[in-house]
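The values are calculated or read from the model by the stated rules, or taken from the named source; none is laboratory data. Model, not experiment: these values are computed from the prediction. Neighbour counts run over all protein chains shown; Cβ positions are idealised from the backbone, glycine included.
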C-alpha cells in the first residue's frame, strides 16, 4: 500500500521526537548519549542499507504493477496525485537514518561547543593564574624591606651569640688587665726592695766615712803633740783628707748617677706597662 511521503514523514517524525531512543543496527541509542566514530560509521551504513531497501521495494512495486493493467492505472493515478511513494519499512529506515544524522550533527556541534567552553575556561584560568602571580610579585616587591619578614628567632639567636662572644672577650681583657696590674705591683715592690738595699749600702758607706774622719781626727790630735812633725803631718793629713774626700765624692756621685739612671728606667718601664 502506497501512502503520502510528506504526511507519513511528519507523523513519524512527531512520534520519533517524543521517543528518547534511536535504534542503530538493532541497538537503542539515547538522545543524551555521546556518539563515537564507530557510531557514525554505523549510521552511514544503516543509511545506505535503508536506501538500498527502498530501491528494492520500488522495483518490486514496479514488477507487480506490470502484471496487472488495472492496478497499473491506479498506481499511475496515485503517482500523479502523490509526489513520492514509499513503504512503511523504508519510511522507518529513512527516519532512523535522518534521526541518526541529526544526532551525529548535534554530537559534533555539542563536541565543538564543549571544546570551545573548555578552551575558554582554560584561558580564563590561565589569565587568573597570571594575574595572581603578578599580584604576588607586586606585593613581594613592596614587602621586600618589611620588618615582618625578619626571622626574629634567628635574630635573637644571633644577638645572644654576639653578646656571649662580647662578654667572653670582656672577661678575657679583665683577666689580662688584672694579671698585668699584679705584675706591675710585683715589679714596684721588687724595685722598692732594691732601692732599700741601695740606701742601706749608702748608709753603711756614710758610717764608714764618719768613722774614718774620726780616726783621722784622732790621729791629728796625736800629731799635734809632735811639734817637729806638725807641718808634715798636717800636709799629709790634708792630702789624705782631700784624697779621701775626692774618693768619697766620686763614689757618691757615681752612686747617685746610677740611682738616677735606674729611676729613669723604672719610670719608663712603669709608663710603658701602664699604657698597655
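Worth pointing out:
- Only one of 213, 205, 176 that is out of contact with any helix residue (DSSP H, G or I) (no Cβ under 9 Å at 6 or more places or on another chain) and surrounded by 10 or more Cβ atoms within 10 Å (Cβ to Cβ): 176
- Lone qualifier among 177, 118, 126, 159 - being under 30 Å from residue 273 (Cα atoms) and free of Cβ contacts under 8 Å to residues at least 24 places away in the same chain: 177
- Among the residues making up segment 246-276, a single one is surrounded by fewer than 10 Cβ atoms within 10 Å (Cβ to Cβ) and touching a residue at least 40 places away in the same chain (Cβ under 8 Å): 276.
- A single entry from 199, 220 fulfils the requirement of being out of contact with any strand residue (DSSP E or B) (no Cβ under 6 Å at 6 or more places or on another chain), surrounded by 13 or more Cβ atoms within 10 Å (Cβ to Cβ), over 30 Å from residue 173 (Cα atoms) and at pLDDT below 80: 220.
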